[in-house]
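The values are calculated or read from the model by the stated rules, or taken from the named source; none is laboratory data. Fair warning: this is a prediction, and the values are worked out from it, not measured in the lab. Neighbour counts are summed over all protein chains in view; Cβ atoms, including those assigned to glycine, are modelled from backbone coordinates with ideal geometry.
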Amino acid sequence: MYKVCVIGCGGIAQVHVAALTAMEGVTLSACCDIVPERAQAYAEKFRCTPYTDYETLLEKEKPDAVHLCTPHYLHTPMAEAAAERGIHVFTEKPPVISRDEWARLQKAAEKVNVGVCLQNRYNPNVKKAQEILSSGEMGKVKGVRATVFWDRGPAYYATGDWRGKWETAGGGAIANQTVHTLDLLLRFLGKPDKILCHMANRHLPGLVEVEGTVEGYFESEGKRGIYFATNAWCDNTPVMIEIAAEKGTLRIDGDDLFITRDGQTEKLPFDMPTPVGKSYWGSGHFACIEDYYRCLEQGKPFRNNMDGIRTVIETMLTMYEQGRKEMQ
């Protein structure tokens, strides 16, 4: 039985808590938020102890693992504090917002098991696409393109003063919204040997510092990758990822998967889990969190450990190093 605590009682925490309270072998002992009313509300709903200071929680509760559902700039220092006490860490994305934090988090992961919530790797349509490509029936991958059109306006940034700032959010369209999409693109494309990135804040200049629109070009062993994401659209539409292969294409469109070959397009059926929270967060959270604890129990490497996320994190950091220059 793993004793677990959740730090941060905002919107995404509800997804983690829903998974934890539904799992066998895990007990939620405490929650923490700097806003006492939020911590108390979670504690009453999920029958656990509320805290407003995470270090007090770590000392008094002595959990086996903590879930970090806090603003981005807190992920690494909180993970370090847990690791110093021998407490395992499961953190929301992005786990880091700088090269320095990336180096520090890897050191923390030498002491405990650090896992990252890149839940879309567990989506049924993503897993099926990987199966098809691995079978060789579509031939070699030639390229991958991914697009995200979402809406993040003034009301969104008014919900947290850490959002929209380089120092505390680390970024916008990539780090805060679409790192999951970038992750999947790179999983199908491979580690890039060429990265080119452009960023802009077109729709909220003066309100936020970070990018609202980003365009990326990648090359990986002759394969091409195109990535376009924007928060300037008027709605939150399904993410699209298309893999062009020698014998056809695979298109992930939201929860669906389409396969095109010989001029015919087929939609593959899936029994999709019901997502908790916003639909565009994806439906893989439960599978991701269950896998983390399964790996802890069995002593196996977790798919989203430091080695498993290296490509997407280092690519993201390189994109920001390039893209921020033209925004200054």
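Here the condition is being without any contact (Cβ under 8 Å) to a residue 60 or more places away in the chain, assigned to a helix (DSSP H, G or I) and among the small types (Gly, Ala, Ser); of 79, 18, it holds for 79 alone. The residue that is modelled with the lowest pLDDT, counting only those in segment 284-328 that are buried (at least 16 other Cβ atoms within 10 Å of the Cβ) and part of a loop (DSSP other than H, G, I, E, B), is 284. Taking the conditions exactly as written (crowded, with 18+ Cβ neighbours inside 10 Å, in the same structural domain as residue 160 (by TED's automatic domain parsing), part of a strand (DSSP E or B) and more than 20 Å from the chain's Cα centre (by Cα)), does residue 252 satisfy them or not? Answer is no for this residue. In this structure, residue 33 does satisfy being over 19 Å from residue 113 (Cβ atoms), in contact (Cβ under 8 Å) with a residue 24 or more places away in the chain and charged (D, E, K, R). Within segment 197-230, can you find the residues that are out of contact with any strand residue (DSSP E or B) (no Cβ under 7 Å at 6 or more places or on another chain), part of a strand (DSSP E or B) and buried (at least 18 other Cβ atoms within 10 Å of the Cβ)? Of everything in segment 197-230, those that are out of contact with any strand residue (DSSP E or B) (no Cβ under 7 Å at 6 or more places or on another chain), part of a strand (DSSP E or B) and buried (at least 18 other Cβ atoms within 10 Å of the Cβ) turn out to be 208, 220. Scanning segment 6-16 for residues that are surrounded by 22 or more Cβ atoms within 10 Å (Cβ to Cβ) and touching a Cys at 6+ places or on another chain (Cβ under 8 Å) returns 6, 7, 8, 9, 13, 16. If you go through segment 40-51 one residue at a time, do you hit one that is without any contact (Cβ under 8 Å) to a residue 60 or more places away in the chain, under 21 Å from residue 178 (Cα atoms) and surrounded by 15 or more Cβ atoms within 10 Å (Cβ to Cβ)? No; the residues of segment 40-51 include none that is without any contact (Cβ under 8 Å) to a residue 60 or more places away in the chain, under 21 Å from residue 178 (Cα atoms) and surrounded by 15 or more Cβ atoms within 10 Å (Cβ to Cβ). I'm checking my understanding of the structure. Among residues of segment 100-143 that are in a strand (DSSP E or B) and of a type in the set (Val, Ile, Thr), which one is nearest to residue 175 (Cα to Cα)? Residue satisfying both the conditions and the ranking: 116.
Restricting 45, 93 to residues that are out of contact with any helix residue (DSSP H, G or I) (no Cβ under 6 Å at 6 or more places or on another chain) and under 28 Å from residue 157 (Cβ atoms) narrows the list to 45. Among residues of segment 158-196 being of a type in the set (Gly, Ala, Ser) and assigned to a loop (DSSP other than H, G, I, E, B), the one that is surrounded by the fewest Cβ atoms within 10 Å (Cβ to Cβ) is 158. Answer yes if at least one residue in segment 82-92 is over 16 Å from the mean Cα position of the chain (by Cα), assigned to a helix (DSSP H, G or I) and either of a type in the set (S, T, N, Q) or exposed (fewer than 15 other Cβ atoms within 10 Å of the Cβ) (or both), and no otherwise. Yes, some residue in segment 82-92 is over 16 Å from the mean Cα position of the chain (by Cα), assigned to a helix (DSSP H, G or I) and either of a type in the set (S, T, N, Q) or exposed (fewer than 15 other Cβ atoms within 10 Å of the Cβ) (or both).
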